[in-house]
């Protein structure tokens, strides 16, 4: 049986000193191609900023991620749609995203851009586009032009988005949250905390085992489980 192994480990501490980011030169975002996510968010799903799901959900899943982290993209693209359909839509689980932008400047830039999208109520759409458009770590892929192209795809007011991103107003928040992750023991991404309990993804032999743990947690909290959604056939590490 294959063991789930999708953590993105890096030596050393999380990045972030709160310094002002280097200005990103403007180019031609119209010429930047972006790939749409494979599993768009369901229509009408409840959200509150970077929390997806009903405020009355029985259980909370806190997800600490870096937008450049390949393991985070693997989790987001493969298993997060299952979590949303199986638990979030029926109102049993809410998912809260936290920045752990420790892989470099592009991680911090992407997290800042996603927060700017969140100012227009589109954090989760931007989040999904970022993970659908990874192309290596610190390779010059997550640029201002790519962020503007994504903003256009999801229907943001581009002038307001650019003003937020260029103004750097969200960078301090990204740095502060990354540092707070370190203080609560986050050292790799994705780190998943289910109702205060940190999950060890390497301890599960399959996605079904992982979902079974969430099932039991929801039931213990007085919730109920909808009919099972299909789980990914491929190994998370493939």
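May I ask you to verify whether residue 82 is part of a helix (DSSP H, G or I) and on the phi < 0 side of the Ramachandran plot? Yes: the conditions hold for residue 82.
Total residues in region 10-48 satisfying the condition of being part of a loop (DSSP other than H, G, I, E, B), touching a strand residue (DSSP E or B) at 6+ places or on another chain (Cβ under 9 Å) and at pLDDT 75 or above: the figure is 3. With respect to the conditions (1) surrounded by fewer than 20 Cβ atoms within 10 Å (Cβ to Cβ); (2) assigned to a helix (DSSP H, G or I); (3) touching a residue at least 40 places away in the same chain (Cβ under 8 Å), residue 138 falls short on a single one, namely (2). If the condition is being part of a helix (DSSP H, G or I) and touching a strand residue (DSSP E or B) at 6+ places or on another chain (Cβ under 7 Å), then region 49-79 contributes 70, 71, 72.
With respect to the conditions (1) under 18 Å from residue 181 (Cα atoms); (2) out of contact with any helix residue (DSSP H, G or I) (no Cβ under 8 Å at 6 or more places or on another chain); (3) part of a loop (DSSP other than H, G, I, E, B), residue 121 lacks only one, and its number is (1).
Scanning region 151-163 turns up no residue that is surrounded by 20 or more Cβ atoms within 10 Å (Cβ to Cβ) and in contact (Cβ under 8 Å) with a residue 60 or more places away in the chain.
Scanning region 98-118 for residues that are surrounded by fewer than 22 Cβ atoms within 10 Å (Cβ to Cβ) and touching a helix residue (DSSP H, G or I) at 6+ places or on another chain (Cβ under 8 Å) gives 98, 118.
The values are calculated or read from the model by the stated rules, or taken from the named source; none is laboratory data. All of these numbers come straight from a predicted model, not from anything done at the bench. Reconstructed Cβ throughout: ideal geometry from the backbone, glycine too, with neighbour counts over all protein chains shown.
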